[in-house]
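Report on the structure given below.
Read the figures in this text as sums done on the coordinates, not as results from a lab. This is a predicted model, so every value here is computed, not measured. Heads up, the Cβs are rebuilt from the backbone with ideal geometry, glycines too, and the neighbour counts pull from every protein chain shown.
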Amino acid sequence: MKVQFLTVLMLAVALFMSACGKSDADLTKAATDKLTADKVTGVTVAVKDGVATLTGEVADITVKSKAETSVKAVEGIKSVTNNCTVKPPPPPPPPSPDKMLEGTINESLKKKNITGVTVAVANGEVTLSGTVDKAKVAEVMMSANEAKPKKVINNLNK
């Protein structure tokens, strides 16, 4: 009788232990392995009571979503809290000195109501082309020289 009772008790304990499921440590390892298998980097997983919390910095929103989807697929994970942040995009490069020079000259010509002039800048040298009234050539040249280029090449048709 004692042997039967002990056997039933051991069986009950075994069933109870298996019903508890995986430990948080096991789930954390499984989630981390899943992220590695899915080639998701920069994300850390912590599991407490079956709830996975993701932290880290990722390249973009698609990686953030992929991390969450990957961890949700792990058996035993009840829910996922995604606290990952997305890296801000790098700032745009500053405009090149040639583009700035070109813009400065074009703005000056626009303020003086001078049209028909094409401004091209390469390596700090300004090339003026197009057709302009002969009386306005001096104003065009002054606008170009005020921007302080290395050189002004006048290919204007008068």
query = Within the range 63-103, can you find the residues that are more than 30 Å from Thr41 (Cα to Cα) and either among the acidic types (Asp, Glu) or surrounded by fewer than 18 Cβ atoms within 10 Å (Cβ to Cβ) (or both)?
reply = Pro94, Pro95, Ser96, Pro97, Asp98, Lys99, Met100, Glu102, Gly103
note = Condition set assigned to a helix (DSSP H, G or I) and among the β-branched types (Val, Ile, Thr), scope the range 60-118, selection nearest to Asn154 (Cα to Cα): answer is Ile105
ask   = Looking only at residues in the range 134-152 that are β-branched (Val, Ile, Thr) and within 46 Å of the chain's Cα centre (by Cα), which one is farthest from Glu107 (Cα to Cα)?
value = Val152
query = Are there any pairs, at least 6 apart or on different chains, whose C-beta atoms fall under 9 Å, with the first in the range 116-133 and farther than 14 Å from Lys148 by Cα and the second loosely packed, with under 15 Cβ neighbours inside 10 Å and charged (D, E, K, R), and if so, which?
reply = Gly116/Asp133; Thr131/Lys158; Val132/Lys158; Asp133/Lys158
